[in-house]
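Inspection log for the structure reproduced underneath, given as structure tokens.
The values are calculated or read from the model by the stated rules, or taken from the named source; none is laboratory data. In this text, all values refer to a predicted model and were calculated from it rather than measured experimentally. Heads up, the Cβs are rebuilt from the backbone with ideal geometry, glycines too, and the neighbour counts pull from every protein chain shown. For the accessible areas, the whole protein counts, side chains as well, though only heavy atoms, and no ligand, DNA or RNA atoms are used. Shrake-Rupley method; radii C 1.70, N 1.55, O 1.52, S 1.80 Å.
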Amino acid sequence: MSPRRNRQRGGAKPIDRTGGDRYGLERTEEWRGEDWVVRQVGGGGAAKHYRCPGCDQEIPPGVPHVVAWPQDGGVDDRRHWHRACWNARDRRSARLQRSRNAPRY
């Protein structure tokens, strides 16, 4: 009986150090006439509950999402969006009414 192989055949694959679409890297997008910094957050990096401004629903811990803020803004201007909500931000209304019992965070 031959020993079990724990390595893949064909050698190691090269590591992409250019950035690609890995989580945590920032990019700049234009929205409503200003530049926004957008960062993808993976499920492992999401440790708190956030409220999505696109749908006004909660983003639970462990769910991948997008963090976006104006390029000239500060830490207080960061907003956590569902990916689908960020991609559909031009088709959604900006003024959603929150119920009286909804938590505010």
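Worth pointing out:
- Sorted largest first by accessible area at a 1.4 angstrom probe radius, with every protein chain in place, the residues Val63, Val37, Val75 fall in the order Val75, Val63, Val37.
- Note on Arg91 and Asp77: the model spin-label points, each 7 Å out from Cα along the C-beta direction, lie 2.8 nm apart.
- Cα gyration tensor shape for region 19-86, rounded if a/c is under 1.5, else prolate or oblate: oblate
- FRET efficiency for Trp31 and Asn101, using Cβ-Cβ distance with R0 set to 22 Å, rounded to 0.05: 0.10
- In this structure the amide hydrogen of Trp31, modeled in the peptide plane, comes within under 5 Å of the amide hydrogens of Trp36, none closer than 5 places in sequence on its chain.
- Summed side-chain charge close to Glu34 - residues other than Glu34 whose Cβ falls under 12 Å, Lys, Arg +1, Asp, Glu -1: -4
- Net charge contributed by nearby residues that have their C-beta within less than 14 Å of Asp72 (K/R +1, D/E -1): -3
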